[in-house]
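The values are calculated or read from the model by the stated rules, or taken from the named source; none is laboratory data. Because the structure is predicted, anything quoted here is derived from the model rather than measured. Positions of Cβ are backbone-derived with ideal geometry, glycine not excepted, and every protein chain shown enters the neighbour counts.
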Amino acid sequence: MRAIIRTFAAIISISVAAPVLAQGLPQAKPAEVGLAADRLDRLTRAMEQDIASGRRVGTVVAVTRKGKAIYHKAFGLADRETGQQMRLDTIFRLHSQTKPIVSAGLLILMEEGHFSLNDPLAKHIPE
């Protein structure tokens, strides 16, 4: 379940973080905000592996912590057909984000013990 939540959090972060960083968020080194730089190196390697394997065509990843930008990188292609490289300011078309956002929220509530995935629906939604 944590992997699902992390995936949805990443989707949400990717969709909103790049424009925020473009607005001039102060930059910081990972150690300044309590994050190990090797974790960001692992993130870079994971994204590069996803691109190389064809699992992902392209992405922009931004990490912020305590109001400071600590990581902002573009990987792969923005347009597979034209070969256009992904840029930090690439604009993404986001469609139908309601389901992943609601799902992530529900999984967080489930982890906090508010309900179980095995509960009957009628227990939480009246007729």
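Kindly indicate whether Gly76 is at positive phi and either exposed (fewer than 12 other Cβ atoms within 10 Å of the Cβ) or of a type in the set (D, E, K, R) (or both). Taking the combined requirement at face value, the residue does not satisfy it. Just checking, does the range 97-109 include any residue being among the hydrophobic types (A, V, I, L, M, F, W, C), modelled with pLDDT under 90, closer than 24 Å to Leu25 by Cα and surrounded by 11 or more Cβ atoms within 10 Å (Cβ to Cβ)? The answer is no; no qualifying residue exists. May I ask you to verify whether Arg93 is in contact with a helix residue (DSSP H, G or I) (Cβ under 8 Å, 6 or more places away or on another chain), farther than 21 Å from Leu25 by Cα and charged (D, E, K, R)? No: the conditions fail for Arg93. Evaluated against (1) surrounded by 10 or more Cβ atoms within 10 Å (Cβ to Cβ); (2) touching a Leu at 6+ places or on another chain (Cβ under 9 Å); (3) within 30 Å of Ala31 (Cβ to Cβ), Gly67 falls short on exactly one condition, (1). You will find that of Ile11, Ile51, Ile4, the residue that is in contact with a Pro (Cβ under 7 Å, 6 or more places away or on another chain), surrounded by 12 or more Cβ atoms within 10 Å (Cβ to Cβ) and either modelled with pLDDT under 90 or among the aliphatic types (A, V, I, L, M) (or both) is Ile11 and no other.
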